[in-house]
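Asks: So that we are looking at the same thing, I have put the structure below in structure tokens.
Every number in this text was worked out from the coordinates using simple rules, so none of it is lab data. A quick note: this is a predicted structure, and the numbers were derived from the prediction, not measured. So basically every Cβ, Gly included, is an ideal-geometry build from the backbone, and we count neighbours across all protein chains shown.
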Amino acid sequence: MDGRFASGAREAIVEFHRLGRSTKVTALDPVSLTEVSIVAPSNLAQRQMTDSVLRKLDYVLSRGARQVV
């Protein structure tokens, strides 16, 4: 299952891959092509998994903005 979600003013692509009792959730920012993943228990609500991976994506993108090239 996958979908597009708005994270703040940003759009992200989110994918879910169930692996036994765990689910790997991946979020991709289509502008920067930054990708992050989390692994969560499969019995966790999909919305909770989505919120968590989008928070992680926001964190990684904010850290990247502070780095000097």
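Asks: Starting from the Cα of Leu44, step 7 Å along the direction of its Cβ; do the same at Lys24; then give the gap between the two resulting points in nm.
Replies: Computed distance between label sites Leu44 and Lys24 equals 1.5 nm.
Asks: Another question, then. Could you go through the stretch 33-46 in sequence order and give the Karplus-derived ³J(HN,Hα) for each residue, using 6.51 cos²θ - 1.76 cosθ + 1.60 with θ = phi - 60°, rounded to whole Hz, and x for Gly and Pro?
Replies: 6, 7, 10, 10, 9, 9, 10, 10, x, 5, 7, 6, 4, 4
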